[in-house]
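Peer 1: Quick one: the structure is below, questions incoming.
No lab work stands behind these numbers, since they all come straight from the coordinates. Because the structure is predicted, anything quoted here is derived from the model rather than measured. Glycine gets a Cβ as well: all are built from the backbone with ideal geometry, and neighbour counts include every protein chain shown.
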Amino acid sequence: MDATDRLIVNELQGGFPVADRPFAEAATLLGIDEDDLIERVKRLCDHGTLSRFGPLYNAERLGGAVTLAALKVPAADFQRIAAAVNAHPEVAHNYAREDDLNMWFVIATETPERIAEVIADIEAETGLRIYDMPKIEEFYVGLRFQL
Amino acid sequence: MIPDRIDKLLLRAIADGLPLVSRPYAAVAARVGLGEDEVISRLRRLVEGGIIKRLGVIVRHHELGYRANAMVVWDVPDGEVTEVGRRVAAYPFVTLCYRRTRRPPDWRFNFYCMIHGKDRAVVLRQIAVLNWQAGLARYPQAVLFSRRRFKQRGACFDAAPAREVA
């Protein structure tokens, strides 16, 4: 990753033009060529630096639902349980964390009712209780990474 | 704004990413059977209306060196949590900040901050700032660093074959 790649990552986390030639517009602001920008974004995707080049949705505004869920997983069972949880397409992120509640993941569904179904399925498959902590109030969602 | 059926079709078509070509919205338009102008005007409305929170680069922060990722939780009385949240949200190192449902007796915490850092010692100092400067020290709390990531959704889209969407 060179200085231009870092500039692209820093600047394009903030937005991307919606216009007929958006890469050309963004490239002008970045001081590079359109083709160079497209090639670099492809490379950043291929290398796994970017998870995606596209939209971040507001799931609730689309009629969907999101919750944060956690499990107390016995250490010896971690791989098996992680595989069972991750097999659900509604599971968006899954992290091992340092606590008795040691596996934390996000469940995002297209309808609010579907959350309870996914929770029930995971509980049935794993034999573990899910602690589900839906959001009540949002204070800040800036999540950006400067390089 | 309320997205209609065509908006949802469009959102589904770009969910995995924009085509990495000079006219990505024309490529999307061809896939969903709309005109380029209509795709652009609909996407503009979806961005302005907040349905699309952000369009652009979605990073894998772990790959970029952000490996000290702490979820910090506090048990803040319900009557104080909104005020605390507004105060804490102003700290630049806080990447996400929420109030969530408690699950007593096992999980009493209702106030969550994510801090994504490159260095665990720096993150611990930032947590100390929240405790001593933002006034959170008096509340019961826990720090849960992530040990391992098992899943982060998302794939880049690149020049996929044309397909019909019914």
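Peer 1: What's the FRET efficiency of A:R6 with B:A30 using the Cβ-Cβ distance as r and R₀ = 35 Å, to the nearest 0.05?
Peer 2: 0.60
Peer 1: What's the average, rounded to a whole number, of partner chain beta-carbon atoms within 10 Å of each residue's beta-carbon in B:44-53?
Peer 2: 4
Peer 1: Classify segment A:57-147 as rounded, prolate or oblate, taking a ≥ b ≥ c as the square roots of the eigenvalues of its Cα gyration tensor: rounded when a/c is under 1.5, otherwise prolate if a/b is larger than b/c and oblate if not.
Peer 2: Since a/c reaches 1.5 but b/c is at least a/b, the shape of segment A:57-147 is classed as oblate.
Peer 1: Points 7 angstrom from Cα along the Cβ direction at B:R147 and A:E98: gap in nanometres?
Peer 2: Simple spin-label model gives 1.1 nm for this pair.
Peer 1: Evaluate the relative contact order of segment A:3-46 (contact order divided by residue number), counting alpha-carbon pairs under 8 angstrom at least 6 apart; express in whole percent.
Peer 2: 30
Peer 1: For an R0 of 30 angstrom, estimate the FRET efficiency from the Cβ-Cβ distance between B:R12 and A:D20 and round to the nearest 0.05.
Peer 2: 0.85
Peer 1: Between B:R87 and B:R44, what FRET efficiency comes out of the Förster formula 1/(1 + (r/R0)^6) with R0 = 45 Å and r the beta carbon distance, rounded to 0.05?
Peer 2: 0.80
Peer 1: Identify all lysines with a Cα-Cα distance to B:K53 below 24 Å; exclude those on the same chain that are fewer than 8 residues away in sequence.
Peer 2: Correct list for B:K53: A:K42, A:K135, B:K8, B:K151.
Peer 1: Turning to a different aspect of this structure: Tell me whether segment A:3-46 comes out rounded, prolate or oblate; compute the Cα gyration tensor, take square roots of the eigenvalues as a ≥ b ≥ c, and use a/c under 1.5 as the rounded threshold.
Peer 2: rounded
Peer 1: Still on this structure, I have one more. Just check segment B:5-48 against the gyration tensor rule for me: Cα atoms, a ≥ b ≥ c as the square roots of the eigenvalues, rounded for a/c under 1.5, and otherwise prolate or oblate depending on whether a/b exceeds b/c.
Peer 2: rounded
Peer 1: For labels at B:S22 and B:D106 in the simple 7 Å Cα→Cβ model, what's the distance in nm?
Peer 2: 5.7
Peer 1: May I pose another question? State the answer as a single residue: which of B:H62, B:T82, B:A137 lies farthest towards the positive end of the charge dipole of chain B, with beta carbon charges of +1 for Lys and Arg and -1 for Asp and Glu, about the Cα centre.
Peer 2: Looking along the dipole axis, the top candidate is B:A137.
Peer 1: Taking trypsin sites (Lys or Arg not before Pro) as candidate sites, keep only those in a DSSP loop with at most 14 other Cβ atoms within 10 Å, then name the longest stretch of chain B containing none of them.
Peer 2: With a cap of 14 other Cβ atoms within 10 Å, the longest stretch comes to B:1-107.
Peer 1: Right, next: Got the relative contact order for segment B:5-48 handy, in percent, Cα pairs under 8 Å and 6 or more residues apart?
Peer 2: Rounded, it is 30 percent for segment B:5-48.
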